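What follows is a set of notes on a single structure, which appears directly below.
The values are calculated or read from the model by the stated rules, or taken from the named source; none is laboratory data. Everything numeric here is computed off the predicted structure, so don't read it as measured data. A quick note on method: Cβ atoms are made from the backbone with ideal geometry, for glycine too, and the neighbour counts reach across all protein chains shown.
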Amino acid sequence: MASYKAPLRDMRFVLFELMGGDDLASLPGYEEFTRDLIDPVLEEAAKVCEEVLHPLNRSGDEEGCTFENGVVRTPKGFIEAYKTFRDGGWTSIACDPAYGGQGLPKSVNTLVEEMICSANLSFGMYPGLSHGAYVSLHGYGSDELKDAYLPKMVDGTWSGTMCLTEPHCGTDLGLLRTKAVPQDDGSYKITGTKIFISAGEHDLTENIIHLVLARLPDAPKGVKGISLFLVPKFMPDSDGNPGPRNGVACGSIEHKMGIKASSTCVMNFDDATGWLIGQPHKGMQAMFAMMNTERLSVGIQGLGLAEASYQGAVTYARERIQGRSLTGVKHPDKAADPIIVHPDVRRMLLTQRAYVEGCRALGAWAARALDLQKHHTDPAVQEENEEFVALITPVIKALMTDLGFEATNLGVQVFGGHGFIREHGMEQYVRDCRIAQIYEGTNGVQALDLVGRKLPAKAGRNLRRFFHPVAEYIETHVEDDTMGEFVQPLAKAFVRLQQATAQVARAGMANPDEAGAAATDYLRLFGLTALAYLWARMVEVSLPKVGGADDSDGFYTAKVNTARFYMERVLPQTNGLFAQIMAGGKSIMAFDEAAF
Amino acid sequence: MAEINKVAVIGAGVMGAGIAAHVANAGIPVVLLDIVAPAGAGPQSNGSNPNRNAIAEGAVAKMLKTDPAPFMSKAAAKLVTTGNIEDNLDLLADCDWIVEAVIERLDIKQSLYAKVDAVRKKGSVVSSNTSTIPLATLVEGLSDSFAEDFVITHFFNPPRYMRLLEVVGGAKTKAEALDAVSTFADHKLGKSVVRCKDRPGFIANRLGVYWLQAAVVEAFDAGLDIEDVDAIVGKPMGIPKTGVFGLLDLVGLDLMPHVNASLAAALPKDDPFHAMNRPLPMVEKMIADGYTGRKGKGGFYRVNRAKNKAKESVDLATGEYRATKRANVEAVKSMGRKLTRLLDHDSEHGRYAWRVLGQTLAYASALVGDAADEIESIDEAMRLGYNWKFGPFELIDQIGVDWLAAKLEASGMAVPAILKTASGKTFYRVENGTRQVLGMDGAYRDLVRPDGVVMLADIKLKSQPVLKNGSAALWDIGDGVACFEFTSKMNALDPDIMDLLTKSIRRVKKDFKALVVYNEGSNFSVGANLGLAIFAANIAAWTEIESLVAAGQQAYKALKYAPFPVVGAPSGMALGGGCEILLHCDAVQAHAETYMGLVEVGVGLLPGWGGCKEMLTRWASSGKLPKGPMPAVGKAFELISTATVAKSAAEAKEQLFLRPHDGITMNRYRLLADAKAKALSMVDGYQIPEPPVPLALPGPSGKVALEMAVAGFQRLGKATPHDGVVSGEVANVLSGGDTDVIKTVDEDALYDLEREAFMRLVRHPGTLARVEHMLLTGKPLRN
């Protein structure tokens, strides 16, 4: 089985050298998060991921969850691992100190999330879903509800879920049918069936807190008539301990392609007692608070899996000897050369690496924007960062999971036949990654969100938060002797992105199908251009250090060389994407429906 | 036919004074008389020597401060001679037309007529502005010679701006009298004259008052929220967004009972108006309590100053004010563009919409043959008298004659005869490119425009454009003249317009003698497409923006130096780039109601399509300013940096947005014909204009002087920080950049300065915030 070492060197590079994370402590509320504190947090996270979570990844996948008489059991070792995880305080790192959390900056937490996803994505689903429920409850719940539930959700004694999907409605929540009937005591009786509920039932925590979307009796039709309710598995008693069982039960679990150690449940609510979170009919708002942070997290899942796959592939490519280099023997002492000498193998490894390191920087950019949005003192800065996050969220979710899927597939390919069998774990990364392209809004829906919502909002102001810094960067560096090599390809891709943006906006205004037809290609063009910008910035940081004392491990040299590979061998994809977008949607929409 | 060269108006109330002002706007001397002011009244009076003309003088003084202004220029006000009807009746002796606009009392009017008849010159026309008293009643007992010269001319308030004039002749009225007044009103006052029968309320108020009353009464019956009512009886029906309650607040609630009572008194017993004319105790109480609308303590809507200027609305059930809510009418949201869907909507709102519009359209149909024989007169009266986008018969065409008849029948209402006549047809149709209208006899006849009226809309029905793209078109309007029309949304200027303009110049050179730039939008153009601009700026497409600026400069410059005469013919707003294209025409024939201005600074930009350059050269060569480089710079700076908009074509001449040789057309319908005539008159011996003499401009020292002035305004709080940035760039362009007085700056150098300054501004966050705010809210941002 492939081993996993957290890429702490690159994480520190991204956090401190690229994004200037040393200044986080200057933001109100983050005073204690100096480098002295952040470094040990990352190291401890690496340890728990490498030593506790990763060893359970293969076995968890083989064993999966089991369902019997309404009880779901996680694979062997998960209960112990969860206890270690919780005792280490990892469920609370990103939570509000007022409820026992540690208030870790998003910039740091994102890196921890990546490690968890690399080590054991299925395991990460349990605390991950809890955190989503935490975000909605924290943002929209009454003080009474928050005081009663948040402390135990934060310390990991209880976990949470988000119950959205129903058998007949996933993407279109407007069709939702679950009912909520008000009771005299201020509570509600919830009745309905929810499916695909991650962590809906399991044996890791003493209670499970479900956040459920449902309709009140007087609700308007569609998404404007949906409210959010809190429904505990066990009703807390007066001391706050789990009391009698509530009317919610797991009906079955799904048998899936990947993330098999994560329980995916059918949840039946039968007059279950619940409480309203936020305003009646405003459930979508509270749900989207969760959904937006979840979408960033799902993007990080793609990154984490790509990193894990890359590590496995590199190790294998060095160890596997087979045939000889095309340009003569490289390792005469061995019976054959390691396959890493082959251009095509190197191409695959570098593609994985360029994706991984680029996406890590992109995730860090968004995370930093979230930190500034929440903690900066200037409302104008907050707003600018909020706009950037709104724009980049669909890009991160879709691009990073799509690239993650490509990268994990390349990992299988490097392994050849051994990638296709289960014991090496390379095919598991592919299977685990596949769902990330689907849940929390399919990548097609992300692309529509980008072109249909984020582009036109506020007369296009969101766009400014990306296009202006990039344009300015290009103007500043394009003539530069050493940077020019990297900035010129960026500049070309950027012009394509500008033209495509204008085209999508223009064509989409006249005919929304045109925007829809361009959406996925456009999102990828956007994403690849964003990565090119970040690669250029990474070069800018690295170049002065190449060959210097700090480069004794070759880190900066490798960085610049990976950037070169990205600019020359990945970024040209934008040519094709541009051509596809400019061709318009006619060939897609003119095709006779009956002829499919 | 007698020509009208001097006019008198008796009665200096809002209507009379407004009519007098508008006659003066036409450049015609006018006498304005009212009763003798009581002692102690009037601005110049003192106890011993009372000013007997104080009422008429006060009316003129008040009009000079009124907004919207009754006068088109200060010069017009000088054409008004004030007086009183006891001392100054002799002033009527040389008037060709005497308008009576006194209180609506028969005895007072008739005794005045006797006095007037004694002094007026033979053949002069006397008219009454009455809105309710039949002509036959007015002339009862008066001499035949008076009755022969007597007509009713019913203006709408405010007389300058409302284009409808209802004209009524009596049995004895001479055709010459009717024609003289109609022609004068058409050509000089710019009115659309609708001949009405001598029936109560004539056309517009007869139907308009019924409609208002129906909308109010039905709203009370249905217990609706007034915001919802105004959202229904408003935009969906092509009615101004003030709707019903907003309109009543505007005209004054107290007016309605008077108008209703006099209409009720004059209409025959079987008129459907009586059934609608029910007392509304709540409204009566509001009037009694002083809640008469905007002029009073508030109306159906009010701004509650005690509550931090909160907007409030009256609850029709309780009569109490409550917080104004946002209209929420599913029936309107779901109608799309189909009025029938609204009228058929199964909801209280849908039923209300039908009750109001169904009864109104039925009443309009019943007026055919009664108030007027021609349906197009009724439509024109409602369009111009009540600002409806569509007349009632145009609305019926939209929903279908038979659909309306069937629904009336199903609702137990009578189906008027004209609807039966029109069964299976439409009231209007286009036959072989000519608009036709259905007569009472069921036969169609051509809609014939009056002599000298050419409408582009008619030409478009009959022909194909010479050139066309998504934002503009070039039309052949006959006699070798082409017409360039903006067709983009709101006539916003965009790259396609510049492209077609460039192509059109080449085409006109080849195939035509002259070009007119004209369109029939409600505004000529309010400038560049800001949505495109902000989008391009948001994606940092600076090169594209700069090439758009350059393309506009080149297109406008090519227009200016085209080898044929170019006449701009604006009406309504001509702002920003819409003003700049006119500045590049050889001549302009402007509708009197044209509002020109370079308003770019409002969105943080400056005129980049030659506007700075043109205003600078115009003022420099005007001969109106002291010598030296600074005065013209200062004048152009003042106009551009404060985004001055001329409030009429006459005012535009004062500011040199228009030049002395540019023409003004009073009647909107005659604008294209006048512009075409002007263009043709320039064809013989046409010479391409010489480029302006390069200017000696002050350079940085001049810029500093202008900036100091702006800094002064900033200290006074009259200019914002970003105003300072924008004004600085305007100052830089107008003072010639880094030139000095010894060098001269030519036209191209000024274009370059404009473009460079524009590009600096468009990248400024302050400017982007202004553009965005304007787009999202329609209001300027003061940052």
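Computed quantities for the displayed model
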{"item": "For B:ALA562: the one exception among (1) under 26 Å from the mean Cα position of the chain (by Cα); (2) away from chain A (no Cβ under 14 Å)", "result": "(1)"}
{"item": "Selection count where residues are in contact with a helix residue (DSSP H, G or I) (Cβ under 8 Å, 6 or more places away or on another chain), surrounded by fewer than 20 Cβ atoms within 10 Å (Cβ to Cβ) and over 12 Å from A:SER107 (Cβ atoms), scope region A:11-34", "result": "6"}
{"item": "Filter result for the condition that a residue is closer than 25 Å to B:THR594 by Cα and basic (Lys, Arg), over B:LYS503, B:LYS489, B:LYS510", "result": "B:LYS489"}
{"item": "Enumerated helices (runs of 4 or more DSSP H) restricted to region B:559-655, each holding at least 1 residues that are among the polar types (S, T, N, Q), in contact (Cβ under 8 Å) with a residue 24 or more places away in the chain and on the phi < 0 side of the Ramachandran plot", "result": "B:611-620, B:630-641"}
{"item": "Filter result (within 8 Å of another protein chain (Cβ to nearest Cβ) and surrounded by fewer than 20 Cβ atoms within 10 Å (Cβ to Cβ)) within region A:434-460", "result": "A:LYS458"}
{"item": "Some residue of region A:318-333 being buried (at least 24 other Cβ atoms within 10 Å of the Cβ) and not assigned by TED's automatic domain parsing to the domain that holds A:ASN462", "result": "no"}
{"item": "Qualifying residue in region B:217-229 (condition: of a type outside the set (A, V, I, L, M), surrounded by 24 or more Cβ atoms within 10 Å (Cβ to Cβ) and outside the structural domain of B:ILE664 (by TED's automatic domain parsing))", "result": "no"}
{"item": "Test: residue in region A:426-435 that is under 22 Å from A:GLY508 (Cβ atoms) and either basic (Lys, Arg) or touching a residue at least 12 places away in the same chain (Cβ under 8 Å) (or both)", "result": "no"}
{"item": "Residue match in region B:533-550 (condition: at pLDDT 95 or above and either over 29 Å from A:PRO469 (Cβ atoms) or away from chain A (no Cβ under 14 Å) (or both))", "result": "yes"}
{"item": "Scope region A:8-22; condition modelled with pLDDT of 95 or more and either part of a helix (DSSP H, G or I) or not assigned by TED's automatic domain parsing to the domain that holds A:PRO105 (or both); matching residues", "result": "A:LEU8, A:ARG9, A:ASP10, A:MET11, A:ARG12, A:PHE13, A:VAL14, A:LEU15, A:PHE16, A:GLU17, A:LEU18"}
{"item": "Residue tally, condition among the β-branched types (Val, Ile, Thr) and under 24 Å from the mean Cα position of the chain (by Cα), over region B:140-156", "result": "2"}
{"item": "Residues of region B:570-627 satisfying the condition of being among the polar types (S, T, N, Q), over 24 Å from B:GLU546 (Cβ atoms) and out of contact with any Gly (no Cβ under 6 Å at 6 or more places or on another chain)", "result": "B:SER571, B:THR594, B:SER621, B:SER622"}
{"item": "Lone qualifier among B:VAL356, B:VAL332, B:VAL368 - being under 14 Å from B:GLU227 (Cβ atoms) and β-branched (Val, Ile, Thr)", "result": "B:VAL332"}
{"item": "Selection status of B:SER622, surrounded by fewer than 19 Cβ atoms within 10 Å (Cβ to Cβ) and not acidic (Asp, Glu)", "result": "yes"}
{"item": "Region A:43-65, residues that are in contact (Cβ under 8 Å) with a residue 24 or more places away in the chain and either over 24 Å from the mean Cα position of the chain (by Cα) or surrounded by fewer than 17 Cβ atoms within 10 Å (Cβ to Cβ) (or both)", "result": "A:GLU43, A:GLU44, A:GLU62, A:GLU63"}
{"item": "Conditions (1) of a type outside the set (Phe, Trp, Tyr); (2) within 21 Å of B:GLY246 (Cβ to Cβ); (3) surrounded by fewer than 22 Cβ atoms within 10 Å (Cβ to Cβ); number of the one not met by B:VAL356", "result": "(3)"}
{"item": "Selection count where residues are of a type in the set (Gly, Ala, Ser) and at pLDDT below 90, scope region B:41-88", "result": "5"}
{"item": "Which listed residue is in contact (Cβ under 8 Å) with a residue 24 or more places away in the chain, over 30 Å from B:PRO158 (Cα atoms), of a type in the set (D, E, K, R) and in a strand (DSSP E or B), from B:ARG429, B:ARG435", "result": "B:ARG435"}
{"item": "Flag if A:GLU479 is more than 14 Å from chain B (Cβ to nearest Cβ), buried (at least 22 other Cβ atoms within 10 Å of the Cβ) and not in a helix (DSSP H, G or I)", "result": "no"}
{"item": "Residue match in region B:209-216 (condition: within 27 Å of the chain's Cα centre (by Cα) and outside any helix (DSSP H, G or I))", "result": "no"}
{"item": "Members of region A:23-52 that are in a loop (DSSP other than H, G, I, E, B) and small (Gly, Ala, Ser)", "result": "A:GLY29"}
{"item": "Elements of type helices (runs of 4 or more DSSP H) contained in region A:489-596, each with 3 or more residues being buried (at least 16 other Cβ atoms within 10 Å of the Cβ)", "result": "A:512-542, A:555-565, A:573-582"}
{"item": "Residue count for region A:482-492, restricted to those that are of a type in the set (Gly, Ala, Ser) and more than 14 Å from chain B (Cβ to nearest Cβ)", "result": "1"}
{"item": "Count - residues of region B:496-532 that are acidic (Asp, Glu), without any contact (Cβ under 8 Å) to a residue 60 or more places away in the chain and away from every other protein chain (no Cβ under 14 Å)", "result": "2"}
{"item": "Candidates A:THR377, A:THR327 - the one that is within 30 Å of A:ASP23 (Cβ to Cβ), part of a loop (DSSP other than H, G, I, E, B) and among the hydroxyl-bearing types (Ser, Thr, Tyr)", "result": "A:THR377"}
{"item": "Among the residues listed as A:ALA361, A:ALA398, the single one being outside the structural domain of A:ARG524 (by TED's automatic domain parsing), at pLDDT 95 or above, surrounded by 24 or more Cβ atoms within 10 Å (Cβ to Cβ) and assigned to a helix (DSSP H, G or I)", "result": "A:ALA398"}
{"item": "Candidate set: region A:84-129, residues that are polar (S, T, N, Q) and crowded, with 24+ Cβ neighbours inside 10 Å; chosen: the one farthest from A:ILE208 (Cα to Cα)", "result": "A:SER107"}
{"item": "Sole residue being at pLDDT below 95 and touching a His at 6+ places or on another chain (Cβ under 6 Å), chosen from B:ALA371, B:ALA331", "result": "B:ALA331"}
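Residue by residue, here is whether (1) acidic (Asp, Glu); (2) surrounded by fewer than 17 Cβ atoms within 10 Å (Cβ to Cβ); (3) within 14 Å of another protein chain (Cβ to nearest Cβ); (4) at positive phi holds:
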{"residue": "B:SER735", "(1), (2), (3), (4)": "no, no, no, no"}
{"residue": "B:ILE742", "(1), (2), (3), (4)": "no, yes, no, no"}
{"residue": "B:LEU750", "(1), (2), (3), (4)": "no, no, no, no"}
{"residue": "B:THR767", "(1), (2), (3), (4)": "no, no, yes, no"}
{"residue": "B:GLU772", "(1), (2), (3), (4)": "yes, no, yes, no"}
